[in-house]
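What follows is a single structure, written as structure tokens, with notes after it.
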Amino acid sequence: MRYGPRSTVDRLDRPSAYFTGKNKRRRDREDDNANGDDGSQEPQADPLANASTLYVGNLSFYTTEEQVYELFSKCGEIKRLVMGLDRLQKTPCGFCFVEYYTHQDALDCMKYIGGTKLDERVIRTDLDPGFEEGRQYGRGKSGGQVRDEYREDFDEGRGGIGRALQQADYYDEERIR
């Protein structure tokens, strides 16, 4: 049993739910493919333990690279900034990667900037294991983010109505003609 003061704040360098779920599926597949080992495996090192890259989400489609750089440079020197792009149209689609020189700068950024507003939108930040070429593009069917495929509300900062409703409106207009 642990005595003394307890921290009421969650650790900032813990893996995100997305990262944890992705690794759980990977570990399950590795267990299925194991060829009769005695089950003693070395625990894998946490790739986020020294991560200096942040994933920044919920950006407006109209947020510029300069705006992001100005805000995030307040927490430390930025090594690289990569804006997320629509895979087909090559236009911003609401996320970016910010790479700092040190892990501590990334943690400070999560602590002080995560949850603040940029272009009237509350942004979210998560540690990222590192940017790789190709990750700057949206993974949705239409080239943007997957979440925009299913959004049913009007959101001016994310390009209006979701892709699902745009497709439904298009098919309704075609059927009327």
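Quick notes on this one:
- For segment 36-123, a simple Cβ point-charge model (Lys and Arg +1, Asp and Glu -1, everything else neutral) yields a dipole of about 420 debye relative to the Cα centre.
- Placing a pseudo-label 7 Å from each Cα along the Cα-to-Cβ vector at K79 and D108 gives an inter-label distance of 1.6 nm.
- Shown here for segment 58-131: GluC sites (Glu not before Pro) in loop regions (DSSP other than H, G, I, E, B) with at most 10 other Cβ atoms within 10 Å, namely E77, E120.
- Spin-label pair Y69-E120: with each label point 7 Å from Cα along the Cα-Cβ axis, the two points sit 2.6 nm from one another.
Here, each number is a calculation from the coordinates, and none is a lab measurement. Predicted model, so just to flag it, every value in this text is computed and none were measured. Reconstructed Cβ throughout: ideal geometry from the backbone, glycine too, with neighbour counts over all protein chains shown.
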